[in-house]
Amino acid sequence: MKSQHLRKFALVLVLVLSALPFSAWSQPLKIAMIMGGDVGTFGWSYSHFLCKLAIEKTFSDKVEEIYIYEQDELNEGETKKAMRSLLEDDYKLFFVTSYEFEGITHALAKEYPDVIFEIATGSERADNVGVYSPRFYEGRYSAGVLSGIHSSTGLIGYIGPFPIPEIVRGANAVALGARTINPDAKVFTIWIDAWSDDLAEAEASDLLINMGVDVIVPHTKGSALMEVARNREVLAFAKGSDLSHVTPNAQLASITDDWTPFCINRVQKVLDGNWQSADVWSGPEGPGVRLTHFHSTRVSEEEISLIRQLEHDMQIGTVNPFTGPIFDSQGRQIVAESQALTDQELKDMDWFVEGVESLNDEWTCQSNFGAVPWMEASALSIRQFTSPTLKKSSSRNRHD
C-alpha cells in the first residue's frame, strides 16, 4: 500500500514539474529563426526578419546570436538536417516560421526536451512547443472598411491561394468590413493554388478588373497584383510590406503582419524562466496585423484615425468582425444578433458570408477533418487562365 502511494506521488510530481515553466536563462541565449523562403526585402519572411532586428536591439546583452536559416524552396529533409545541426550547436530557442515544418519540429522537440520551439500558424503544441498566429482576418476586415470607402463600383477582388479556413475567413472579413460602409458591396474571390505565383496572380487580377473590380485585396504574394493595379489604374493592397516605392499610385495601403511584440514577449519569458507552451492567437501579447503605408493623397487623416481605432478595438476585444447578425451567401442566418462566432467556429469556417462569390467552378476546403464540400459558384473558372505551364511555375510556399 505504501509503495502504491509513493508511485502515485511520484507520478503527480512528474506531471506538476512538466507543467512548470523552464528555468531562468543564466547565459547568453542562442536563437534560430527557420524561414520558409528567402528573406528578401518584403513579405512573410522579411516581416519575421524584422523580429530578429528588434530582438537584437532589445536584448543586446542577453542574446548571443540569432541565426537565420533561409531557403528558396521548402525542403523538409534539408530543413530538419539544418535544425539538428543548430540544436547540436546549443541553440535553445527556435522560431519556426512555416507550418509546413510542424511535423519535423515536433519530432526534434521530442529528442531535445530542453529546447523551446515556437511555430508560426502551427496547430499542435507540446511541453516545449508553442504555436502562434495573428488574427489575419482582422487586417482584412480593416482593408474591407477602407475598400468600401474607396471603391466606386462597390466590387472588390480577393485573391487567395487555397480555400482553407484561414483564407475564407479573410475573404469574409473583407466583405463584412466593406459592407459597414456600402451595404451592397460585393467581393469576388479567386484561388490560384499557390501562395506565390506571379503569373497566375497577374491573370487573376486582370480577370477581376475586367469584371468591374476597382479595389483588390491579396492573400498571396501580392507583388504581381500591384503591377497590374498600377497598369490598369485601380487600387490594391500590398501584402506584408510597403510597395509604394514601386506602385505609388496603386497602393491604397499595406496589410502588414507585425510579429515583433510576440517575439519580444516570448524571448523575455524564456530569459525570465516564465515560458510555457501556449496557443497565442493575437491579443495584446500576440502578433498583430495592421494597415500601414497608406496612399499619400487618397487616404485622409480621418480615415487613418478610423482604421487605427478599429485596430485597437479589435486587439482588446471590444470589436469582433464576426458579430451577428451574419448571413451566408445563400441568405441563411448563421450568426444571431449580438452573438459572435467562437474561435473554434472561426478556425473551422467553411462558408461564405453574404456578398462573397467564388469565381472558381467548384472547390473544396482542406481542413483538419479532411475535404469539406463547398458550394458551387460562378461558371467562371480559374482554369480559364491557369495553364499547366503556369501551374509548374507555382510555389506552395506560404512565405512570400
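Within region 148-202, count every residue that is on the phi > 0 side of the Ramachandran plot and of a type in the set (D, E, K, R). The qualifying residues number 1. Would you check if SER142 is in a helix (DSSP H, G or I) and of a type in the set (S, T, N, Q)? Criteria met by SER142. Considering the conditions (1) at pLDDT 90 or above; (2) buried (at least 16 other Cβ atoms within 10 Å of the Cβ); (3) touching a Leu at 6+ places or on another chain (Cβ under 8 Å), GLY36 is excluded by exactly one of them, (1).
Scanning region 278-309 for residues that are touching a residue at least 12 places away in the same chain (Cβ under 8 Å), over 20 Å from the mean Cα position of the chain (by Cα) and either surrounded by 14 or more Cβ atoms within 10 Å (Cβ to Cβ) or in the same structural domain as MET33 (by TED's automatic domain parsing) (or both) gives PHE294, HIS295, ARG298, VAL299, GLU303, LEU306. Only one of the numbered conditions (1) touching an Asp or Glu at 6+ places or on another chain (Cβ under 7 Å); (2) surrounded by 13 or more Cβ atoms within 10 Å (Cβ to Cβ); (3) modelled with pLDDT of 50 or more; (4) not charged (D, E, K, R) is violated by SER394, and that is (3). Given the structure, is GLY148 over 21 Å from ARG232 (Cβ atoms) and assigned to a helix (DSSP H, G or I)? No; evaluated as a whole, the condition is false for this residue. Which residue pairs have Cβ atoms closer than 9 Å, lie 6 or more positions apart in sequence or on different chains, and pair a first residue in region 310-322 that is without any contact (Cβ under 8 Å) to a residue 24 or more places away in the chain with a second residue that is assigned to a loop (DSSP other than H, G, I, E, B) and among the polar types (S, T, N, Q)? The qualifying pairs are HIS312/THR318. Checked against (1) in contact with a strand residue (DSSP E or B) (Cβ under 7 Å, 6 or more places away or on another chain); (2) modelled with pLDDT of 95 or more; (3) within 18 Å of GLY170 (Cβ to Cβ), PHE327 passes all but a single condition, namely (3). Within region 215-232, residues that are within 14 Å of ASP197 (Cβ to Cβ) and in contact (Cβ under 8 Å) with a residue 12 or more places away in the chain have Cβ atoms under 8 Å from residues that are surrounded by 22 or more Cβ atoms within 10 Å (Cβ to Cβ) and hydroxyl-bearing (Ser, Thr, Tyr) in these pairs: PRO218/TYR158; HIS219/TYR158; THR220/SER196; LYS221/SER196; ALA224/SER205; LEU225/SER205; VAL228/SER205, counting only partners at least 6 apart in sequence or on another chain.
The rows are residues; the columns are (1) modelled with pLDDT under 95; (2) among the aliphatic types (A, V, I, L, M); (3) over 22 Å from the mean Cα position of the chain (by Cα).
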{"residue": "GLY177", "(1), (2), (3)": "no, no, no"}
{"residue": "ASN182", "(1), (2), (3)": "no, no, yes"}
{"residue": "ALA185", "(1), (2), (3)": "no, yes, yes"}
{"residue": "ILE192", "(1), (2), (3)": "yes, yes, no"}
{"residue": "ALA200", "(1), (2), (3)": "yes, yes, no"}
{"residue": "ALA204", "(1), (2), (3)": "yes, yes, no"}
{"residue": "ILE216", "(1), (2), (3)": "no, yes, no"}
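For region 70-128, the set of residues classified as in contact with an Asp or Glu (Cβ under 6 Å, 6 or more places away or on another chain) and buried (at least 21 other Cβ atoms within 10 Å of the Cβ) consists of PHE95, ILE119, GLY122, listed by residue number. Residues in region 262-313 that are small (Gly, Ala, Ser) and under 30 Å from ALA250 (Cα atoms): SER282, GLY288, SER296, SER300, SER305.
Scanning region 158-195 for residues that are among the charged types (D, E, K, R) and outside any loop (DSSP other than H, G, I, E, B) returns GLU166, ARG169, LYS186.
The values are calculated or read from the model by the stated rules, or taken from the named source; none is laboratory data. Predicted model only: the values in this text are computed from it and were never measured. Glycine gets a Cβ as well: all are built from the backbone with ideal geometry, and neighbour counts include every protein chain shown.
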